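Quick one: structure below, then a few questions.
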Amino acid sequence: MPDHWGFVAAAYAVAAVALGGYWRRLVRLERDLEAPRLRAVGSRRRAAPRS
Amino acid sequence: MVTIVLGWLSAIAVATGMILALLIAPRELTQGNVQRIMYVHVPSVWVAYLAFTVVFAASIVYLAKRAPGADRLAHASAEVGVVFTGITIVTGAIWGKPTWGTWWTWDARLTSVAILFVMYVGYLLVRAMIDEPERGARYAAVLGIVAALDIPLVHFSVYWWRTLHQPPSVIKPGPATMPGVILLALLLNFAAFTLLYAYFVTKRVSLLRADADAAA
C-alpha cells in the first residue's frame, strides 16, 4: 500500500481550514457586536465634563 | 470565563490529538498512512451526531416552553453540526479515493449523510430567510426535529442496506476491534472534537444572546 501522505495532508488541511474559518467567523461576529457598544462608551466619556 | 477555559482546553486537546494521530499512532497494515484520516473523519461524524441530537432536544424544549435559550442553543448547535458534517463528507471523500478508488459513490451511508448535510443547511437558511424571529424559530424547531430522524438512518444504513462503507468500529455496542494506540488516538480525538464543539456552541450562544439584547 503506498503512503498517500498527500491525501492525509489534504484531509487535515480541509479540517483545519473549516474549523479555523468558523472560529474566525465567531471572532468577527464578536467584534461587530462589540463595536457599537465601545463607540457608545467612548461618546459618553467624551460628553462627560472633565473634573 | 467558561468559554475561554473551553477554548484553551480544546486547543490543547486538539493539538495533543493531532500529535498522537500523525506522529505516534502506527501506520495501519492494510490501509497504510491514509488510515490517519480516520482520526479526523470519525470524531467529526460523532460531533455531527451530537450536534444534531442537541438541535432535536432543544427544538422540542423550544416548542414546548417557547424558551429563547433553547432556540439559541439549537441555532448554535446546528451551525457547528453543519461545519463538522462538511468536514466528515470531504475527509471521507479524500480517504475514499485511494482506498475505494472513487471520491464518491451513491451508497446508503454516503447518500444519507449528504441528505443530513443538506437538511441542516436548509435549517440555517430557514432561520436566515424569515425576518420575524419568533416565527423563524418555530419553523426551524419543526425542521430541526424532522431532520434529526435522518441520524439513525445514517448510523444504521451500513446494517440495513448493502453498502461500500464499512460498519462502525467504535460507535457500536461491544468492545472496539483495534490496537490500543490506534484506539487511544481515536478516543483522544473524540474528546478533543467534543470539547471543540462545546467551545464553539458556548461562544455562538453568547453571541446570539448579545445580538438579541442589542436588538431589544
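In 5 Å bins starting at zero, report the fraction of Cα pairs in segment B:102-216 per bin as a rounded %.
2, 9, 12, 14, 18, 16, 12, 8, 6, 3, 1, 0
Determine the shielding of peptide B:71-80 by partner chains: average, over its residues, the number of Cβ atoms on other chains within 10 angstrom of each Cβ.
1
How would you order B:43-53, B:18-28, B:122-132 from highest to lowest mean count of nearby Cβ atoms within 10 Å?
Details: B:43-53: 23.5, B:18-28: 15.7, B:122-132: 14.0.
Ranked from most to least packed, the peptides come out as B:43-53, B:18-28, B:122-132.
Note every residue of segment A:9-26 with a reduction of at least 20 square angstrom in accessible area, all protein chains present versus the isolated chain, computed with a 1.4 Å probe, or write none.
A:11, A:12, A:14, A:15, A:18, A:19, A:22, A:23, A:25, A:26
Just the number please: accessible area per residue for chain B, 1.4 Å probe, all protein chains included, in Å².
I get 47 Å² per residue for this part.
So what's the angle, to the nearest 10 degrees on a 0 to 90 scale, between helix B:68-100 and the longest Cα principal axis of chain B?
It works out to around 20 degrees.
In cubic angstrom, how much convex hull volume per residue do the alpha carbon atoms of segment B:2-215 span? Spell out each step's value before the answer.
Working: hull volume 27.4 nm³, N = 214.
Expressed per residue, the convex hull around the Cα atoms of segment B:2-215 is 128 Å³.
At 1.4 Å probe size, with the rest of the protein present, what percent of the exposed accessible area of chain A is carbon and sulfur atoms? Each step should come with its number before you reach the end.
Working: 2320 of 3900 Å².
The computed percentage sits at 60.
Let me check I've understood the local charge: for residue A:38, count other residues with C-beta under 14 angstrom from its C-beta, Lys and Arg +1, Asp and Glu -1. What total comes out?
Charge balance near residue A:38 sits at +3.
Specify the angular offset, from 0 to 90 degrees and rounded to the nearest 10, of the alpha carbon long axis of helix B:150-160 from the longest principal axis of the alpha carbons in chain B.
Here the helix axis deviates by roughly 20 degrees.
Additional query: Tell me the carbon and sulfur percent of the accessible area for segment B:2-215, rounded to whole percent, probe radius 1.4 Å.
Numbers: 7230 of 9920 Å².
Exposed carbon and sulfur together represent 73 percent of the surface.
Sort segment B:1-90 into rounded, prolate or oblate with this rule: let a ≥ b ≥ c be the square roots of the eigenvalues of the Cα gyration tensor; rounded if a/c is under 1.5, and if a/c is not under 1.5, prolate when a/b is larger than b/c, oblate otherwise. Don't skip to the answer; put the middle values down first.
Values: a/c = 4.12, a/b = 1.95, b/c = 2.11.
Oblate is the answer for segment B:1-90, as a/c is 1.5 or above yet b/c matches or exceeds a/b.
Report, to the nearest 10°, how far helix A:5-47 tilts away from the longest principal axis of the Cα atoms in chain A, using its own Cα long axis and a range of 0 to 90°.
0
Using a 1.4 Å probe on the heavy atoms of the protein chains only, list every residue of segment B:4-53 that has 10 Å² or more less accessible area in the complete assembly than in its chain alone.
Residues meeting the cut-off: B:18, B:22, B:27, B:30, B:31, B:33, B:34, B:36, B:37, B:40.
Given a 1.4 Å probe and no ligands, DNA or RNA in the count, how much accessible surface is buried by A and B, both sides, to the nearest 100 Å²? List each step's numbers first, then the result.
On the way: alone 5170 and 11340 Å², together 14100 Å².
The buried area between A and B, both sides summed, comes to about 2400 Å².
The values are calculated or read from the model by the stated rules, or taken from the named source; none is laboratory data. Values in this document were obtained by computation on a predicted structure and should not be read as measured data. For neighbour counting, all protein chains shown are included, and Cβ atoms are generated from backbone atoms with ideal geometry for every residue, glycine included. These accessible areas exclude ligands, DNA and RNA; they are computed on the full protein's heavy atoms, side chains included. Shrake-Rupley method; radii C 1.70, N 1.55, O 1.52, S 1.80 Å.
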